[in-house]
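Shown next, in structure tokens, is the structure this report addresses.
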């Protein structure tokens with residue numbers, strides 16, 4: 001394998017990993033931008049989507065409908081979370097919202113552990129088998145799952161960008177995340193905006209869950225934790241609350257992780273997560289508000 | 001036009017408004033003055049629906065609006081330029097103004113209102129494509145008022161428009177408030193700068209520790225010895 005081939009291979013891997021982090025990070029950033037709430041249960045939506053698919057697939061309706069129903073189910077779950085758990089603590093101190101979301105996450109995880117056992121289950125027979133095919137170009141091997149991940153993420157970004165810039169609801173969402181009070185005073189229906197943020201974020205988390213499970217080939221009730229943590233780091237690196245920042249942060253993280261594995265001696269590569277968090281610390285030392293984060297000062 | 005009766009509002013256990021009543025007639029410029037913490041901002045926030053009263057009523061054009069959500073109140077024609085301005089700092093001046101009209105569909109009328117805002121504050125036209133966070137404090141205040149006007153309100157609520165501004169800018173802001181009123185607008189102005197507020201207002205209310213202790217025409221309040229001592233600096 002030549003160096004160029006190696007670079008191409010690793011770049012594709014990094015883009016694919018970064019895409020999954022980005023899909024998760026967008027939902028986190030969207031909700032945080034509006035409510036200052038770090039939704040720890042966001043990763044569990046990935047897990048729930050996979051489990052719904054796992055049980056629906058045996059009904060024999062085929063992957064397409066199963067996929068759509070699973071995404072629909074987590075979208076509803078996300079909306080339900082907001083209504084039941086987060087709306088009552090809206091405007092409460094950050095710590096209370098943080099603990100509430102932690103509680104929601106632990107609650108969902110344990111429900112799944114109790115009723116479905118913590119034993120991992122295979123996800124191999126659920127996603128279409130063509131995803132596992134590896135295309136060879138010389139020494140470069142790119143699996144279909146990587147291509148699909150990158151393409152789906154790109155399409156979703158474009159749709160999301162169009163939504164937040166071209167539609168009234170999307171514009172309201174940007175205004176609300178800029179300034180909650182001002183948004184209400186210009187006549188934005190913030191309940192609707194918050195609901196939309198949860199719905200979009202949850203759907204994206206569900207899609208990310210599928211892509212994540214397809215890479216690993218298995219699912220378990222705690223599978224959402226690591227991607228959530230990575231997406232959180234991505235969002236912080238990018239500048240928490242900013243959608244563009246979350247996406248940039250996610251790809252920075254994806255590249256850092258993949259190239260660290262590639263260049264580090266094998267004895268150290270199992271510590272890659274430690275390096276990821278060192279990266280987080282470094283970024284925050286240099287830019288405390290993240291790459292795209294801005295310090296807002298009041299002007300006189 | 002706006003009639004508030006025995007309004008009681010609290011933050012948790014702390015009662016901020018202890019049953020205030022006030023009236024704003026169509027075409028009037030009414031001011032609510034009082035020191036820091038008297039409850040002025042609380043009053044405007046409640047009118048705008050950001051806070052819900054414990055008891056009492058707010059009647060606007062014959063309808064009880066006390067339980068409505070903020071966006072429903074804007075839809076009925078009440079808009080507010082809040083204390084501290086709360087402009088959308090990362091968006092441009094133009095985007096800020098367009099957001100002020102977010103509930104409207106009448107594009108031609110929106111354009112006309114934007115032109116009207118430019119006649120009040122020509123600097124906003126010059127700064128149209130500039131990011132709002134880079135404006136000076138006075139320009140941001142103009143933007144906040146301009147944005148409030150973009151919903152084409154029948155009643156404009158202004159919270160401390162002179163806060164933190166140099167005297168020359170305060171003059172300019174107050175001149176534009178007078179202009180809005182002269183063209184038929186109805187304004188409820190909350191101010192710590194009582195002297196300025198009473199110069200342009202028709203009537204005024206003095207709020208102290210959550211109660212209205214005085215109400216009179218602006219002229220009477222200007223010459224009232226108590227008001228003079230407490231709020232006009234002797």
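Taking every DSSP beta bridge that has both residues in the stretch B:69-215, what percent is antiparallel when rounded to the nearest 5?
Values: 5 of 14 bridges.
Counting only bridges with both partners in the stretch B:69-215, antiparallel ones make up about 35 percent.
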*Can you put B:93, B:131 in order of Cβ neighbours within 10 angstrom, beginning with the fewest?*
B:131, B:93
*Alpha carbons only, please: Rg and Dmax for the stretch A:137-216, in angstrom.*
17.2, 60
*Go ahead and collect, in residue order, the members of the stretch B:24-52 whose backbone nitrogen is under 15 Å from a label point 7 Å along the Cα-Cβ direction of residue B:14.*
B:36-43
*asked:* When the expected Rg is taken as 2.2 N^0.38 Å, what fraction or multiple of it is the alpha-carbon Rg of chain B?
replied: 0.98
*Nearest 0.05, what FRET efficiency do residue B:136 and residue A:5 give at R0 = 35 Å with Cβ-Cβ as r?*
0.05
*Pairwise centroid distance, computed over Cα atoms, of the stretch B:1-51 with the stretch B:135-202, Å*: 18 Å
*Using DSSP, restrict attention to beta bridges with both residues in the protein assembly as shown and report what percent are antiparallel, rounded to the nearest 5.*
60 percent
*Once you put a point 7 Å from the Cα of residue B:6 and another 7 Å from the Cα of residue A:284, both along the Cβ direction, what distance in nm separates them?*
5.3 nm
*Folded to 0 to 90 degrees: helix B:107-120 orientation relative to chain B principal axis, Cα*: 70 degrees
_Among A:125, A:135, A:144: highest mean-square fluctuation, GNM of chain A, C-alpha pairs under 10 Å_ = A:135
*Among B:147-153, A:193-199, what's the highest-first ranking by average C-beta atoms within 10 angstrom per residue?*
B:147-153, A:193-199
*Length released on extending from residue A:99 to residue A:137, taking residue separation times 0.36 nm less the Cα-Cα span*: 8.8 nm
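Would you mind ranking B:118, A:67 by Cβ crowding within 10 Å, fewest neighbours first?
On the way: B:118 16, A:67 21.
Going from least to most buried by this count: B:118, A:67.
Please average, across the residues of A:269-277, the number of beta carbons from any other chain that are within 10 Å of each residue's own beta carbon, and give a whole number. Display every interim value, and only then the final one.
Values: counts 0, 0, 0, 0, 0, 0, 0, 0, 0.
Per-residue shielding by partner chains comes out at 0.
What average count of beta carbons from other chains do you get within 10 Å of the Cβ of residues in B:94-104? List each step's numbers first, then the result.
Numbers: counts 0, 4, 4, 0, 2, 11, 4, 2, 9, 6, 1.
Taking all residues of B:94-104 together, the mean is 4.
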*Could you tell me how many degrees, from 0 to 90 and to the nearest 10, lie between the Cα long axis of helix B:167-182 and the main elongation axis, the longest principal axis, of the Cα atoms of chain B?*
90 degrees
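As an exercise, use a Förster radius of 35 Å and the Cβ-Cβ distance of residue A:154 and residue A:119 to find the FRET efficiency, rounded to the nearest 0.05.
Values: r = 35 Å, r/R0 = 1.01.
That pair, residue A:154 with residue A:119, gives E of 0.50.
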*Would you tell me the mean number of C-beta atoms belonging to other protein chains that fall within 10 Å of each C-beta in B:69-76, as a whole number?*
5
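Could you work out how much longer the chain between residue A:69 and residue A:107 gets when fully extended? Use 0.36 nm per residue separation minus the Cα distance between them, nm to one decimal. If you can, show how the numbers build up before the last one.
Details: separation 38, 0.36 × 38 = 13.68 nm, distance 2.27 nm.
Extending this stretch completely gives an extra 11.4 nm.
Ranked by Cβ crowding within 10 angstrom, fewest neighbours first, how are B:26, B:191, B:160, B:228 ordered?
On the way: B:26 12, B:191 26, B:160 23, B:228 15.
If I rank by nearby Cβ atoms, fewest first, I get B:26, B:228, B:160, B:191.
Each value in this text was obtained by applying a stated rule to the coordinates, not by laboratory testing. Just so it is clear, the structure is predicted and the values come from calculations on it, not from any experiment. Note that each Cβ is placed from the backbone with ideal geometry, even for glycine, and that neighbours are counted across all protein chains shown.
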